[in-house]
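Peer 1: Provided herewith is a single structure, encoded as structure tokens, for subsequent inquiry.
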Amino acid sequence: MLSYHNGNPDYRFLTIDKIHDFDGLNDLFFKVLARDVDARTESIKNDFPHVPYLNSSLFEKTELEKNTFGINAISARVPLPLLSCSILKKAKHTAPPRSTLEYLFRFLDAYDFASTGDGAVEDNDKTLINASVLGLIFEKINGHKDGSVFTPGVITMYMCREAISRTVIDKFNDRYGWRCTSVSDLYNRIDNISVSEANETFDNIKICDPAVGSGHFLVSALNEMIYLKYSLGILVDSAGQRIRKTDYTITIDNDELVISLYDGSFFSYIPSNPECQRIQETIFQEKRRIIEHSLFGVDINPNSVKICQLRLWIELLKNTYYTADSGYTQLETLPNIDINIKCGNSLLYRFDITDNIQQILHDTGISIAKYRETVFSYKNAPDKLVKREMNGFIHNIKTKLADGITGQLPEIRQLTSLRNQLFAIDAPRLIPYTDKELTIISKKRDKLTKDIQEIENRIEEKRSIYANALEWRIEYPELLDDSGSFIGFDCIIGNPPYIQLQKMGIDADALSDMKYQVFTRTGDIYCLFYELGTSLLRHGGTLCFITSNKWMRAGYGEALRRFLIADTDPLVLIDFAGTKIFDSATVDTNILLLRKSSFSRSLTACTVTGRDCLDKLVV
């Protein structure tokens, strides 16, 4: 906001002069940022006249807060000792903060969070915290206990460009029968169709990171998709007017989307300038469309899920704009983008994605089209009440689907059969049983009761094992056709965790029961993600992972090697050999890109022998 208004101090609100204590901070979160301007009290409007409404679950109280205490319970009077290595030691004002809240505000103010390249607003001596640095901070906070590590930007950028460009080319080739082999080929053919039709095809692409972590890959994918639209000449504003290459240059630099003017200067949003307004609105709406319709992610760590949602939300917030309807005084309301990022164990699911559920849909009266429509309505819910209503409706649909599919599981059908037999035995009879019959029936009743108890115990045990399972068949209606069949993603990308299965105890037993072809007790969990990712792809879809390279030589990798040849078409293999990619992990890695199709025996492979080669990775 400061950058939008040339550093006008009236738009600075995270200061101790504006917010004196944690009661004030609580008001900011839940009475200002969480409420439409028209719904705020007069006193709040006077205290925060320029703070926009941000439609985000970030500013909704969590269940923990509701059941315990809120941030306003913290005392602002207790000072926080200044850390010896704190950046405030280097700040201009060396006087120690008078309170914890002042410490926090001064700490945040010591960094430049707003710069996008021009540095016009913030002090030059402030340390820059751009989106990629912020992502690294998030991942450091999140830790590595779940086997995940920070992936350098140069790697995510390369993998997204390689995988998504192939995905886009394949999408157009499949629809129009073209034989394009490069983005340049596609650029030369795309004028044969209308811009709106080209965007419709492009916007139908679905990308997923099944171990999403902080969302680094999804952010890189977001930037890459906008860059590709620009490169293909189909990036247009709301009126259908192109963002022309003669007027603007869009690039990706250091994992950031950079927009430059024809003279080389950086684009900067000026609300009063119609052309700036057009560009800002266009980038915002493209980001919104991509995040809502094309990007999906799952992680077992709830903190990772929240950080990923926050990171995507920040990417969208960077290009929010003042609306014409408000007289350019209020920012565009952000959508509810949290629903595409799910918390759960990607590798565990009870309901196979290939099962036919048409009869279940018929019996429950569920319409997949209505389910998709409700999810879309949730994303665009204008207020918290509508959002809760949509969320309740979605929960009801998922519960009905889960119950219907559960009823078809073998153990449930067996349990139902045994219970029916027991009910028949105990049913009233016109002719009493003889003593001999009663003895036989008693034994049969005892056996049935025992069998029922054993099955119930097994079901309960499975229920606890699958408590955090991710039911791919239910969670994403965007991946289902109207008959409920799983369509599949166009692209699976990521850096799955590295955990030895023999160290996972009973969790490894559950994965063994999933009957993954590549499962071996001495193996690593990342191998399972290759098989899972392939199963989640549509035929012809693309997968790109960076993982340990041990599968290429180790005994436990034999099952994966057989799977890759039998069920996929490996296209690109980059072995980093002894070159260390991750600062916090010593594992040797490789990048593998494959297509879900028959093995073509055409693989491009290379070995990277030094870190200086990383910047030379090209498509």
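Peer 1: Could you list which residues have their amide H under 5 Å from that of K206, counting only those 5 or more apart in sequence or on another chain, with H placed in the peptide plane?
Peer 2: HN-HN under 5 Å from K206: D490, C491.
Peer 1: If r is the Cβ-Cβ distance from R601 to N8 and R0 is 51 Å, what FRET efficiency results, to the nearest 0.05?
Peer 2: 0.20
Peer 1: Enter the Cα centre distance for the pair region 501-542 and region 191-227, rounded to the nearest angstrom.
Peer 2: About 27 Å separates the Cα centre of region 501-542 from the one of region 191-227.
Peer 1: Rounded, prolate or oblate for region 496-616? Axes are the square roots of the Cα gyration tensor eigenvalues, ordered a ≥ b ≥ c, and the cut-off for rounded is a/c under 1.5.
Peer 2: The shape class here is oblate.
Peer 1: Just rank W472, W551, fewest to most, by other beta-carbon atoms within 10 angstrom.
Peer 2: Arranged by neighbour count, lowest to highest, W472, W551 become W551, W472.
Peer 1: Now a separate question. Separation between the I431 and Q408 pseudo-spin-labels, each 7 Å from Cα along Cα→Cβ, expressed in nm?
Peer 2: The answer from the label model is 4.2 nm.
Peer 1: Also, quick follow-up: Figure the gain on full extension for F423 and N356 (residue separation times 0.36 nm, minus the Cα-Cα span) and round it to one decimal in nm.
Peer 2: Full-extension gain reported as 21.1 nm.
Peer 1: Assigning unit charges at the beta carbon (Lys, Arg +1; Asp, Glu -1) and nothing else, what dipole magnitude in debye, to the nearest 20, does region 503-619 show about its Cα centre?
Peer 2: With only Lys, Arg, Asp and Glu charged at Cβ, the dipole is about 280 debye.
Peer 1: Straight distance only, please: which lysines reach the Cα of K89 with their own Cα at less than 25 Å, same-chain residues fewer than 8 apart left out?
Peer 2: Leaving aside lysines fewer than 8 places away in the same chain, those within reach of K89 are K18, K126, K140.
Peer 1: Related question: Give the separation of the Cα centroids, region 353-369 to region 56-103, in Å.
Peer 2: For region 353-369 versus region 56-103, the Cα centre distance is 50 Å.
Peer 1: Also: Want the number for A239 to D451: 0.36 nm per residue separation, take away the alpha-carbon distance, what's left?
Peer 2: Gain on stretching A239 to D451: 69.6 nm.
Peer 1: Are there any helices in the chain, counted as whole DSSP H runs, that stretch 18 Å or more along their axis by Cα and score at least 0.5 on average by Kyte-Doolittle, and if so which?
Peer 2: Correct list, ordered by number: 216-232, 302-317.
Peer 1: Please work out whether the chain counts as rounded, prolate or oblate from its C-alpha gyration tensor, where a ≥ b ≥ c are the square roots of the eigenvalues and a/c under 1.5 means rounded, while otherwise a/b larger than b/c means prolate and anything else oblate?
Peer 2: Note, shape of the chain comes out prolate.
Peer 1: L316: net charge of surrounding residues, Cβ under 15 Å, Lys/Arg +1, Asp/Glu -1, itself excluded?
Peer 2: Local charge sum for L316: -1.
Peer 1: Please turn the phi angles of region 4-15 into ³J(HN,Hα) values with the Karplus equation 6.51 cos²θ - 1.76 cosθ + 1.60 (θ = phi - 60°), one per residue in order, whole Hz, x for glycine and proline.
Peer 2: 5, 10, 6, x, 4, x, 5, 9, 8, 10, 8, 9
Peer 1: Would you mind checking which residues have amide H under 5 Å from M504's amide H? H placed 1.01 Å from N; only 5 or more apart, or other chain.
Peer 2: none
Peer 1: Cα to Cα, under 16 Å, and not fewer than 8 places away if on the same chain: which aspartates and glutamates meet these conditions relative to K61?
Peer 2: Filter leaves D23, D27, D338, D383.
Peer 1: Name the residues whose placed amide hydrogens come within less than 5 Å of the amide hydrogen of D524, ignoring near sequence neighbours (fewer than 5 apart) on the same chain.
Peer 2: Under 5 Å from the amide H of D524: L501.
Peer 1: Still on this model: Is region 198-283 best put as rounded, prolate or oblate by its Cα gyration tensor, with a ≥ b ≥ c the root eigenvalues, rounded for a/c under 1.5, and otherwise prolate when a/b is larger than b/c, oblate when not?
Peer 2: Prolate, because a/c is 1.5 or more and a/b exceeds b/c.
Peer 1: Pulled fully out, how much extra length does the chain show between S272 and E461, if you take 0.36 nm times their separation in residues and subtract their Cα-Cα distance?
Peer 2: 61.8 nm
Every number here is computed from the coordinates shown, using simple stated rules; none is lab data. These numbers were taken from a predicted model, which means no experiment stands behind them. Cβ coordinates were reconstructed from backbone atoms using ideal geometry, including for glycine residues, and neighbour counts include every protein chain displayed.
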